[in-house]
Amino acid sequence: MVKGETFNLQVFESEAFRHFINVFTNKQSGITSGCEVTKDSQNITIGQGYFFIQGGLLRETTGTANEIPSDAGYYKLVYEIDLSKTNTKDQFNQGSYKYVKSLGSYPDLTQEDLDNGGTIYQLPFAQFRITEQGLQDFKDIRSIVDYGIYINQNERSSICAYKASNQNIAQGTGIKFALDSADFDGNYFDITSNNEIKVLKDCRAKISSKLFVDRSGGVGYVMTIIYKNNNALSRSLEEISGEYYTNCNDAGVVCDLKANDLITMTIDYASDTGNPYVRSGKENSNITIFVV
């Protein structure tokens, strides 16, 4: 029997709609808007926004605080879909935030094919360790849905901005990433003489970054903050582990940009030891923007 899911006077069931969206998004799961990850001493909070899990559209309406666990271990904060549970008209029971824990390394997640008989899918938001010193190595690990596959080829545009030579840094906050070179695709972005990326056309774009700090040392952290017109958009923090270098990568954020907006990044280096510098080259340290 054939059901006319999208035909006149027929019922369009949720399972069929999830299949349609899953195909439309090229089977991507992740954030489409908002859902910023923040933390304090007690909670990790997921802000308002929207995300997909295998075609299922979910909306975080108020922001949800998740109490940080106290037991030692490696953790990932996920949103879990469990289709074995039953919803009601008033309550969505098939989805919830939860911590997945492991000892010795970060846990593998359950990501079954919900479009082919699977029941459980865990979408990651953040990872961290709990030790005797408390929360360590906190990282935003959200995936952002890439809509670039639906953009007219003439409207594709991106920039990868970097520094062509090493940049020496020292203990302090708000150190500006001194980008001076870029690879371009299209004509939506440019770089200025003041180490900024200038937006040339209105667009919606994903902004992300990576930073390789060589010769870091001691106890402390490296943090990067991406700004739009001096307003913080996204940040990433990585503990200095005494391994002679520290990688600090920011999965990024999707946002609306206007012509003449300026994008910059600052660096915090919270250690009084080491002889740190930002390693040059786009493969090591950069700010990347692409139109979505």
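Every number here is computed from the coordinates shown, using simple stated rules; none is lab data. Please read these numbers as outputs of a predicted model, since none were measured by experiment. FYI the Cβ positions are ideal-geometry reconstructions off the backbone, even for glycines, and counts take in every protein chain you see.
In this Cβ point-charge picture (+1 for Lys and Arg, -1 for Asp and Glu), the range 1-155 has a dipole of about 80 debye about its Cα centre. For the pair ALA232 and ASN168, the difference between a 0.36 nm per residue extended length and the Cα-Cα distance amounts to 20.7 nm. Answer rounded, prolate or oblate for the chain, using the Cα gyration tensor with square roots of eigenvalues a ≥ b ≥ c: rounded when a/c is under 1.5, else prolate when a/b is larger than b/c, else oblate. Note, shape of the chain comes out oblate.
Helical content alone sets the calculated 222 nm signal of the chain at -1000 deg cm²/dmol, taking -39,500 (n - 2.57) per DSSP H segment of four or more residues and averaging over every residue. Applying Stokes-Einstein at 10 °C and 1.306 mPa s to the Kirkwood radius of the range 63-174, computed over alpha-carbon pairs, gives a translational diffusion coefficient of 88 µm² s⁻¹. Using only side-chain charges placed at the Cβ, +1 for Lys and Arg and -1 for Asp and Glu, the dipole size of the chain relative to its Cα centre rounds to 380 debye. Projecting the Cα atoms of THR264, GLY274, ASN286 onto the dipole axis of the range 154-291, where Lys and Arg carry +1 and Asp and Glu carry -1 at the beta carbon, places THR264 farthest toward the positive end.
Between PHE12 and ILE141, residue separation times 0.36 nm minus the direct Cα-Cα distance comes to 43.1 nm. Applying a DSSP loop filter and a limit of 16 other Cβ atoms within 10 Å to the chymotrypsin sites (Phe, Trp or Tyr not before Pro) in the range 39-132 leaves PHE92.
Taking Cα atoms only, the orientation of helix 14-24 departs from the longest principal axis of the chain by about 40 degrees. Over the chain, Cα pairs under 8 Å with separation of 6+ residues give a relative contact order of 16 percent.
Exposed loop sites here are GluC sites (Glu not before Pro) assigned a DSSP state other than H, G, I, E or B and surrounded by at most 11 other beta carbons within 10 Å; excluding them, the longest clear run of the chain is 14-131. FRET efficiency for the pair TYR244 and SER181, taken as 1/(1 + (r/R0)^6) with r the Cβ-Cβ distance and R0 = 22 Å, rounds to 0.30.
Restriction of the trypsin sites (Lys or Arg not before Pro) in the range 173-212 to DSSP coil positions whose beta-carbon has at most 15 other beta-carbons within 10 angstrom yields LYS201. For the range 154-291, the square roots a ≥ b ≥ c of the C-alpha gyration tensor eigenvalues yield an a/c of 1.5 or more together with a/b exceeding b/c, which makes the shape prolate.
Spin-label model, ASP40/ASP115: points 7 Å from Cα along the beta carbon direction are separated by 4.0 nm. In terms of distances greater than 23 angstrom between alpha carbons, the cross-link table entries LYS76/LYS210; LYS98/LYS139; LYS101/LYS210; LYS39/LYS282; LYS39/LYS76 yield LYS101/LYS210; LYS39/LYS282. The range 83-129 and the range 203-233 have Cα centres lying 29 Å from one another.
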